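Beneath this line is the structure, given in structure tokens, with notes to follow.
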Amino acid sequence: MKMFLVSNLLFTVTNGSGNWDLIVRALWPMVEGAIKYTIPLALVSFLIGLMIALLTAVMRLSSVAIVRAPAVFYVSAIRGTPLLVQLFIVFYGLPSIGLTIDPLPSAVIAFSLNVGAYASEVIRASISSIPKGQWEAGYTVGMTYGTTLRRIILPQATRVSIPPLSNTFISLVKDTSLASLILVTELFRKAQEIAANTFDFLLLYTEAAVLYWIICFLLSIVQEIIERRLERYIAK
Amino acid sequence: MLLSIQGLQKSFGELAVLKDIDLDVGKGKVVTIMGPSGSGKTTLLRCLNGLEIPNQGYYQFHDGFTLDFNQKLSKKEMLQLRRKSGMVFQSYNLFPHKTALENVIEGPVIVQKKDKQSAISHAKQLLSKVGLEDKMDLYPHQLSGGQQQRVGIARALAIEPELMLFDEPTSALDPELIGDVLGVIKDLANEGWTMVVVTHEVSFAKHVSDHVIFMDGGYIVEQGNPKDVLEQPQEPRTKQFLKRILPEV
């Protein structure tokens, strides 16, 4: 069955120059969608999300309950609801209370808040994984909590958090395809637009899939390079 | 007296670990704390620099700085207490992402805001003093346990504390590496550093320290000069403990 589908797909792709032309013609619009929207949207949302995540993680590690509570609530609310619903609340929901936001900023807001919650759990776990003795060593050379966190704990936690944060980022890149549903003309939206005219759904959506795959593959190479650079002080 | 402690008490929840400790640490003196595990000796040491916060007690330093743990103390006071002492840990706790030299200059440069160049030259002196002048640019994982511990000592010295605290500094070391570390501590004693050392090394306590404290069950059971306490202990619990760690006596 699978073999049949694959050969069918190959047949579709190679069947005459018409299909091949379509792939080539669709390639630039999709790549353009990726360069103009998919990649910037993912990058900006991830960077903002990381800042939210760091703040949330530090709040969750606080010994003061009223500092912890909002962070716990935020993480629970975001992780407990679908990303698509969050996106729709921001773009289609907020206008009814007079808050109309353009598609792209809406997407950035929703994705940042989403990544912030997930990444905060990663960062919290990474911070917790650093032995208590490292905090104490920081304190005994005279550092405050904040300085110890910044100078001693976070540099070590960063190394621990690179693999899981890369996962979060790669998920985010793929999730940006949901922005097509709030009119952001990113990679997948372009595929949809072209397919709507030509009806070559299999061909064009497969092409989109391959493009996402290539982006994520390149990202995993970047991940490996970063990991190797951060590993220099670890015993091999 | 560099530091006078009265009525120190510390409990973890229901468990009382230190029960009414009085202790004087003379300026330039070496005080060793001995005793079976669970006797409270490490907790006592950690109370001296605020890694543990006593429930009750009163500290008086020679410079007039006092702390009364019967009241709630501010973060600033705790920080002030902490910055009076340098600490050497049983498990070294070096910063793994920094080289030996970077470990040593971290306190002076980041906390004390000293000029980086002079901090580096001071750190180099300290690392030579502990015999590691050729290992300065290595990361902790490239050093042996004994070398790591000597970096730990240099790191504690670099902040120029009034008081040096050692928490079983040789307990995690292979026997052949213990001598190097004890040698460094002995040199510091000769230079006049005030030190409090938790240790099981009887011969170190006998030959290097000015004052030995024997703890059991959260109390100081016996104290005095090392020869008296270690050779003619008066208390049965001290005798029993020394017999166990010195089978040949």
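Past the 20 Å Cα-Cα mark, which pairs from A:36/A:190; B:84/B:114; B:19/B:76? Show your work: numbers first, answer last.
Details: A:36/A:190 12 Å; B:84/B:114 17 Å; B:19/B:76 26 Å.
Violating the 20 Å Cα-Cα cut-off are B:19/B:76.
What part of the accessible area of chain A, given as a whole %, is carbon or sulfur when the probe is 1.4 angstrom?
About 70 percent, which is the carbon plus sulfur part of the accessible surface.
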Is it possible to state the helix-based mean residue ellipticity at 222 nm for chain A, with each DSSP H run of 4+ residues giving -39500 (n - 2.57), the sum divided by total residues, to the nearest 500 deg cm²/dmol? What is it?
-25000 deg cm²/dmol
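Restricting to Cα pairs below 8 Å that are 6+ residues apart, what does the relative contact order work out to for the range B:122-249? Please round to a whole percent. Write out the running numbers ahead of the final one.
Values: 117 pairs, mean separation 21.0, N = 128.
Reported relative contact order: 16 percent.
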Among A:73, A:127, B:62, which residue has its Cα positioned farthest towards the positive end of the charge dipole of the protein assembly as shown, with +1 placed on the Cβ of Lys and Arg, -1 on the Cβ of Asp and Glu, and the dipole taken about the Cα centre?
A:73
Can you tell me how chain B classifies by the Cα gyration tensor, rounded, prolate or oblate, using a/c under 1.5 as the rounded cut?
oblate
Using a 1.4 Å probe and ignoring any ligands, DNA or RNA, find the accessible area of residue B:164 and quote it in Å² to the nearest 10.
0
Enumerate the amide H contacts of residue B:30 below 5 Å, restricted to partners 5 or more residues apart or on another chain; note that Pro and chain-start residues carry no placed amide H.
B:195, B:210, B:211
Carbon plus sulfur fraction of accessible area for the range B:122-168, probe 1.4 Å, in percent
39
In square angstrom to the nearest 100, the accessible surface buried at the A/B interface, both sides summed with a 1.4 Å probe, amounts to 2000
Label-to-label distance, nm, for residues given as residue A:230 and residue A:210 (7 Å Cα→Cβ offset):
3.4
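Suppose a student asked you for the relative contact order of chain B, using Cα pairs under 8 Å spaced at least 6 residues apart; what percent would you report? Mind dumping the intermediate values first?
Values: 454 pairs, mean separation 64.7, N = 249.
Worked out over chain B, it gives 26 percent.
Hand me the GluC sites (Glu not before Pro) from the range B:1-101 located in a DSSP loop with no more than 16 other Cβ atoms within 10 Å, in residue order please.
Details: sites: B:14, B:52, B:77; in loops: B:14, B:52.
Answer in residue order: B:14.
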Just give the residues from the range B:55-97 buried by at least 20 square angstrom of accessible area in the all-chains context relative to the isolated chain, probe 1.4 Å, and say none if nothing qualifies.
B:79, B:82, B:83, B:89, B:93, B:95, B:96, B:97
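Hand me the GluC sites (Glu not before Pro) from the range B:191-225 located in a DSSP loop with no more than 15 other Cβ atoms within 10 Å, in residue order please. Please report the intermediate quantities before stating the final value.
On the way: sites: B:191, B:201, B:222; in loops: B:191, B:201.
Taking the range B:191-225 and a limit of 15 other Cβ atoms within 10 Å, the loop GluC sites (Glu not before Pro) found are B:191.
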Using bins 5 angstrom wide from zero, how does P(r) for the range A:119-223 break down, in % of all Cα pairs?
2, 11, 15, 14, 11, 9, 8, 8, 7, 6, 4, 2, 1, 0
Ratio for the range B:150-198, C-alpha Rg to 2.2 N^0.38 Å, reads 1.09
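Would you mind getting the accessible area per residue of the range B:126-214, heavy atoms of the protein chains only, 1.4 Å probe, in Å²? Show your work: numbers first, answer last.
Values: 3150 Å² over 89 residues.
Averaged over the residues of the range B:126-214, the accessible area is 35 Å².
Hey, with R₀ at 60 Å, roughly what FRET efficiency would residue A:76 and residue B:142 work out to, going by the Cβ-Cβ distance, to 0.05? Could you put the intermediate results ahead of the total?
Numbers: r = 44 Å, r/R0 = 0.73.
Efficiency, rounded to the nearest 0.05: 0.85.
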Expected output for the range A:117-136, residues with a loss of 30 Å² or more in accessible area relative to the chain alone at probe 1.4 Å, reads A:134, A:136
Each label point is 7 Å from the Cα along the Cα-to-Cβ direction; what then is the distance between the points at residue B:225 and residue B:65, in nm?
3.1
Pairwise label distance in nanometres, residue B:118 with residue A:21, each label 7 Å out on the Cα-Cβ vector
8.0
Looking at the range A:140-156, residues buried by 20 Å² or more relative to their chain on its own, accessible surface at probe 1.4 Å, turn out to be A:140, A:141, A:142, A:143, A:144, A:151, A:152, A:156
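Please label the shape of the protein assembly as shown as rounded, prolate or oblate, based on the square roots a ≥ b ≥ c of the eigenvalues of the alpha-carbon gyration tensor (a/c under 1.5 means rounded; beyond that, a/b larger than b/c means prolate, else oblate).
Numbers: a/c = 3.22, a/b = 2.48, b/c = 1.30.
Prolate shape, in that a/c is at least 1.5 and a/b is the bigger ratio.
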Roll a 1.4 Å probe over the protein heavy atoms and report the accessible area of residue A:216 in Å², nearest 10.
20
Chain A: relative contact order as a whole-number percent, Cα under 8 Å and 6+ apart
27
Kindly write out, for the range B:136-153 in residue order, the coupling ³J(HN,Hα) from the Karplus curve 6.51 cos²θ - 1.76 cosθ + 1.60 (θ = phi - 60°), rounded to whole Hz, with x marking Gly and Pro.
4, 9, 8, 7, x, 5, 8, 10, 6, x, x, 5, 4, 5, 5, 5, x, 5
Pull up all non-local amide H partners of residue B:216: gap of 5 or more, or a different chain, and H-to-H distance under 5 Å with H placed in the peptide plane.
B:221
What are the membrane-span-like helices in chain A by this rule: whole DSSP H runs, Cα extent along the axis at least 20 Å, mean Kyte-Doolittle hydropathy at least 0.5?
A:39-60, A:65-79, A:103-129, A:201-230
Per residue accessible area of the range B:23-66, 1.4 Å probe, in Å²:
34
Under 5 Å, built H, 5+ apart or other chain: amide partners of residue B:57:
B:9, B:69, B:70
Charged-residue dipole, Cβ positions (Lys, Arg, Asp, Glu), the range B:87-176 about Cα centre, Debye nearest 20:
320
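Under a 1.4 Å probe, what is the accessible area of chain A per residue, stated in Å²? Could the numbers behind the result be given before it?
Numbers: 12640 Å² over 236 residues.
Per-residue accessible area for chain A comes out at 54 Å².
The values are calculated or read from the model by the stated rules, or taken from the named source; none is laboratory data. Only a predicted model underlies this, so the values are computations on that prediction, with no experimental measurement involved. Cβ atoms come from the backbone with ideal geometry, glycine included; neighbour counts cover every protein chain shown. All accessible areas refer to the heavy atoms of the entire protein, side chains included, with ligands and DNA or RNA removed. Shrake-Rupley method; radii C 1.70, N 1.55, O 1.52, S 1.80 Å.
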